[in-house]
């Protein structure tokens, strides 16, 4: 085949998955081409201008710990940082930031342009070039052919994208951009099982027409917590968000006009995310609530545009304007971009291996919404993994996988390839069995060595990581060896504040495990001369390690006992069909997932307890034979 | 006798010596069973054919109901083995049924209990579990546990959403109720175990108090030799009696006294051991004379908790006078006459009651399986630990650890609850999402 250009790795799509993928593959030494429909919209946030949140923030920190770029870019472009769940334990705290949408795009493009081995190309991929079940390149709409041994599809909502507002529908990848109609045909020809999902976005307002005094101000944290372990200081000027509410009048109007909503008229077939419902859904499904919370989020420093979070809708634009004006404080607000719902194709992620390569076509990787996920962070981490594995593949190195026990990324990929999706998949901390071990603050301790081995972590990052690791170890020793004694001047007050007698002496580590004891208190009890060196995050991490250590040990005992069969290996070509006693439906589910061990089989959705015990007995019998 | 496997019918055809033998599945037919080698008739038996998957094991299966003589069974077995059948390993049919998805693990366990069951009551319990009652019974328990998890989990995951706060006190009360219920169910294991394995009861007392007479009375036949000579019973005798469906193993022991010959003292030593192993001891006191310290002494020597005092020979005229002081001091003592049978029913009830009434759940479902008991106990412990953390004001992610452990443990009895099930519950309870 004759190619206009030859590369090692091609990434289709320059959204959050594509950028991460291209950056990682190139930095690992693979000649990488990133193809996008519009070079001006690299790293575009299609929906809310924010990164992070519970569990999602964990993902970004894991991306950063492995040497990805999302954390650094948001740290440089974030205009409001908040650490969520501050009142709870460190394992469920997570950073979140509002982004300056335009700045984020610019910063991301600059980061990619500064990356060696990476070229950017504008164009639309219309066909995948496959030979003997191996990918060999892509063809663009303008006829150009680009060759590569690995191709990553990261096309977001663009595959057969169909926008709905009211009764009108039109094809689009997102508002104002064309959909990709030929690439899904190419996937279909290759035999990939595909489905439809749906997502939505709220209207954007002209900030000059908002009566801000009617809303409650929600400022960011005074001391912002950054996403990247490399970030020293947040430099952007910080802005506030504002909280408001819908009212009964709005609800009644929506209910009276449901026939205008494509969600309720039956026009939309795709399944939307339950945790990101449209305002129509909220009003219908939770009719007992007399108000729903809304957030006014600034889009950036150099724009008046405001994102009306919580008001996702696909009602006709005219009606959106009327409804917005019923919100107290938005009586005169002008909608400058209407909200809409969008349906798009996804490919069943059970087609994938843990390295995100498709089993059907060697060298073809899928990352992001094409796998049925939602969220920039979910997309970014898949992009990173796909980029890493594409580079490893062309370099003939073994694949890179993450386990459920070591990272949220591992949980996400295992969930996807084992369970598939029936709605857009979002990360939650409760999806991780080892939630207490997977903290945002210890992402580097868990993953940075892996990032270094891959060649993604720079020298400076590696040094910083090592010094932090040493600090944490030193503080851990200090906490175990320093005791607060009854004779110490501070004892009386600490004991009084906590309302308990602490015995004649207590180690700081044990004291820290008590409820209501924060790092500030522990820090103040450390020996004066050492207090200085135990700065911020290392102390926090050491304390968190100590807080959870006992639980993690007990939990791993319990889980090992309950899931003792999880490690039981299932042979590669294990024939489920025809396995006596396994119904066809159960066999089909297992055939589609092809679990590699009993643990994955156990997590396959829809399997009955009987089917599992049948499989277990069969595997036990085969192993015994 | 049961044949299971794809060649079952073929083997059956050869044993009935009729290659046109294609019985209707599930239908019973009377056939002569012959030695395939020479056609000699071995037995006449009821033959039932079950076609896969409609059989117990899920495979093709033929069952022969033959005459009980061990010799006949052995001949048949030999003939079958010659035809290339093989003996099933213990529990193999159940394992195959499990493997073929015909039954679940708890059902398999219930079948084992059914086979082991000694009495009607135990059979009833086993068959209830076979129908999946444990799982059904625990389903609402699991749902209530989810109701506690949901607000805690949502407060972690959806801190930015406008969710109603759930008071810690409410959660604590719900948790306590749940814990109580699970413990109550777990506690039925004592009674459940009694049903399954039976109760061991030792009859002790001074020589000639009438232990052997009582033993015979309980058995309704003359099992033990009864004479006027004290110390007649030298060795312990054990026999089962069915009391209200519970198998009770009574042991008649040698009377406890000092002196006597060496054989008798060996018997006495044995009595002490029997009494120590028993679930309950019945102290038999001779009511034909004024009881002395001597009579209550065996109690001191064997006492390990549960005791019933039976004052014997209440048919005698002097009984009331003789035992007045004793019966005032021990109002629970049961007056009986081994000779006439008077008071025996009262005694039986007294023996059974500490085991039955204490641990009977409202709906009469009993835990008879040690694995189930263990799982419920662990569940209760896990819930307890969460409850303590909740009281201390510990952060939700730690409180919830025990709740998830409880959910996983219950999952072994009811089927797994995935994180997605929990999330689903959250989304249907609260309006989530910016």
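The values are calculated or read from the model by the stated rules, or taken from the named source; none is laboratory data. Computed from a predicted model, the values in this text were never measured in an experiment. Because the Cβ atoms are built from the backbone with ideal geometry, glycine has one as well, and the counts that use them run over all protein chains shown.
Can you tell which of A:611, A:601, A:549, A:587 is at pLDDT below 80 and surrounded by 14 or more Cβ atoms within 10 Å (Cβ to Cβ)? It would help to see each step written out before you state the result.
On the way: A:601 fails: at pLDDT below 80; A:549 fails: at pLDDT below 80; A:587 fails: at pLDDT below 80.
Going through A:611, A:601, A:549, A:587 in turn, the sole match is A:611.
Facing chain B (nearest Cβ under 10 Å), buried (at least 21 other Cβ atoms within 10 Å of the Cβ) and outside any helix (DSSP H, G or I): is that true of residue A:436 in this structure?
Criteria met by residue A:436.
Pick out, from the stretch B:139-252, the strands (runs of 3 or more DSSP E) lying fully within it that include 1 or more residues that are closer than 22 Å to residue B:306 by Cα, at pLDDT 90 or above and in contact with a strand residue (DSSP E or B) (Cβ under 6 Å, 6 or more places away or on another chain).
So the answer is B:199-205, B:246-252.
Got a sec? Which of A:54, A:63 is in contact (Cβ under 8 Å) with a residue 12 or more places away in the chain, outside any strand (DSSP E or B), within 14 Å of chain B (Cβ to nearest Cβ) and within 24 Å of residue A:448 (Cα to Cα)? Walk me through it before giving the result.
Numbers: A:63 fails: within 14 Å of chain B (Cβ to nearest Cβ).
Within the list A:54, A:63, the selection yields A:54.
Based on what the data block shows, is residue A:417 at pLDDT below 95 and more than 14 Å from chain B (Cβ to nearest Cβ)?
Yes, satisfied.
Out of A:88, A:82, report the one residue that is within 14 Å of another protein chain (Cβ to nearest Cβ) and at pLDDT below 95.
A:88
With respect to the numbered conditions (1) farther than 30 Å from residue A:414 by Cβ; (2) within 31 Å of the chain's Cα centre (by Cα), which one is the sole condition not fulfilled by residue A:555?
(1)
Looking at the stretch B:386-400, I want the residues that are in contact (Cβ under 8 Å) with a residue 12 or more places away in the chain and at the interface with chain A (Cβ under 7 Å from one of its Cβ atoms) and have a partner that is buried (at least 24 other Cβ atoms within 10 Å of the Cβ) and in a loop (DSSP other than H, G, I, E, B) with Cβ atoms under 8 Å, at least 6 apart or on another chain. Which pairs are those?
B:397/A:435
Can you name the number of the only condition in (1) more than 10 Å from every other protein chain (Cβ to nearest Cβ); (2) out of contact with any strand residue (DSSP E or B) (no Cβ under 9 Å at 6 or more places or on another chain); (3) over 20 Å from residue A:423 (Cβ atoms) that residue A:284 fails?
Answer for residue A:284: the failing condition is (3).
Scan the stretch A:154-202 residue by residue and report those that are assigned to a helix (DSSP H, G or I), out of contact with any strand residue (DSSP E or B) (no Cβ under 8 Å at 6 or more places or on another chain) and over 20 Å from residue A:357 (Cβ atoms).
Within the stretch A:154-202, just A:185 meets the criteria.
Sort out which residues of the stretch A:271-302 are under 19 Å from residue A:328 (Cα atoms) and in a loop (DSSP other than H, G, I, E, B), and write them in order of number.
Correct list: A:289, A:290, A:291, A:292.
Quick one: how many residues across the stretch A:212-235 are surrounded by 13 or more Cβ atoms within 10 Å (Cβ to Cβ) and assigned to a loop (DSSP other than H, G, I, E, B)?
12
For the stretch A:92-102, does any single residue satisfy the condition of being outside any strand (DSSP E or B), touching a residue at least 40 places away in the same chain (Cβ under 8 Å) and within 14 Å of chain B (Cβ to nearest Cβ)?
Looking for residues that are outside any strand (DSSP E or B), touching a residue at least 40 places away in the same chain (Cβ under 8 Å) and within 14 Å of chain B (Cβ to nearest Cβ), one finds at least one in the stretch A:92-102, hence yes.
Among the residues of the stretch A:187-198, write down those that are under 30 Å from residue A:317 (Cβ atoms) and crowded, with 21+ Cβ neighbours inside 10 Å.
A:197, A:198
Report the residue count in the stretch A:392-407 for those that are part of a loop (DSSP other than H, G, I, E, B) and in contact with a strand residue (DSSP E or B) (Cβ under 9 Å, 6 or more places away or on another chain). Before the answer, list the steps.
Of the stretch A:392-407, the ones part of a loop (DSSP other than H, G, I, E, B) are A:395-407.
Within this subset, residues satisfying the condition of being in contact with a strand residue (DSSP E or B) (Cβ under 9 Å, 6 or more places away or on another chain) are A:399.
Residues that pass the stated criteria total 1.
With the checklist (1) free of Cβ contacts under 8 Å to residues at least 24 places away in the same chain; (2) within 11 Å of chain B (Cβ to nearest Cβ) in hand, flag the one item residue A:233 doesn't pass.
With (1) free of Cβ contacts under 8 Å to residues at least 24 places away in the same chain; (2) within 11 Å of chain B (Cβ to nearest Cβ) applied to residue A:233, the lone miss is (2).
More than 14 Å from chain B (Cβ to nearest Cβ), farther than 22 Å from residue A:538 by Cα, crowded, with 24+ Cβ neighbours inside 10 Å and in contact (Cβ under 8 Å) with a residue 24 or more places away in the chain: is that true of residue A:25 in this structure? First the steps, then the outcome.
Details: more than 14 Å from chain B (Cβ to nearest Cβ): yes; farther than 22 Å from residue A:538 by Cα: yes; crowded, with 24+ Cβ neighbours inside 10 Å: yes; in contact (Cβ under 8 Å) with a residue 24 or more places away in the chain: yes.
Considered against the rule, which asks whether it is more than 14 Å from chain B (Cβ to nearest Cβ), farther than 22 Å from residue A:538 by Cα, crowded, with 24+ Cβ neighbours inside 10 Å and in contact (Cβ under 8 Å) with a residue 24 or more places away in the chain, residue A:25 comes out as yes.
Determine which member of the set B:379, B:429, B:417, B:357 is away from chain A (no Cβ under 11 Å), over 30 Å from residue B:243 (Cα atoms) and at pLDDT below 85.
Details: B:379 fails: at pLDDT below 85; B:429 fails: away from chain A (no Cβ under 11 Å); B:357 fails: over 30 Å from residue B:243 (Cα atoms).
The unique qualifying residue is B:417.
Can you tell me which condition residue B:172 does not meet? The list is (1) buried (at least 17 other Cβ atoms within 10 Å of the Cβ); (2) in contact (Cβ under 8 Å) with a residue 60 or more places away in the chain, and all the others hold.
(1)
For the condition touching a strand residue (DSSP E or B) at 6+ places or on another chain (Cβ under 7 Å), away from every other protein chain (no Cβ under 14 Å) and either crowded, with 16+ Cβ neighbours inside 10 Å or modelled with pLDDT of 95 or more (or both), what is the one hit in A:293, A:238?
Exactly one of A:293, A:238 is touching a strand residue (DSSP E or B) at 6+ places or on another chain (Cβ under 7 Å), away from every other protein chain (no Cβ under 14 Å) and either crowded, with 16+ Cβ neighbours inside 10 Å or modelled with pLDDT of 95 or more (or both), namely A:238.
Could you check residue A:450 against (1) in contact (Cβ under 8 Å) with a residue 12 or more places away in the chain; (2) part of a helix (DSSP H, G or I); (3) closer than 23 Å to residue A:594 by Cβ and say which number it fails?
Single failed check for residue A:450: (3).
Okay, residues lined up against (1) surrounded by fewer than 17 Cβ atoms within 10 Å (Cβ to Cβ); (2) over 25 Å from residue B:394 (Cα atoms); (3) in contact (Cβ under 8 Å) with a residue 40 or more places away in the chain:
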{"position": "A:421", "(1), (2), (3)": "no, yes, yes"}
{"position": "A:428", "(1), (2), (3)": "no, no, yes"}
{"position": "A:443", "(1), (2), (3)": "no, no, yes"}
{"position": "A:446", "(1), (2), (3)": "no, yes, yes"}
{"position": "A:454", "(1), (2), (3)": "no, yes, yes"}
{"position": "A:460", "(1), (2), (3)": "yes, yes, yes"}
{"position": "A:466", "(1), (2), (3)": "yes, yes, no"}
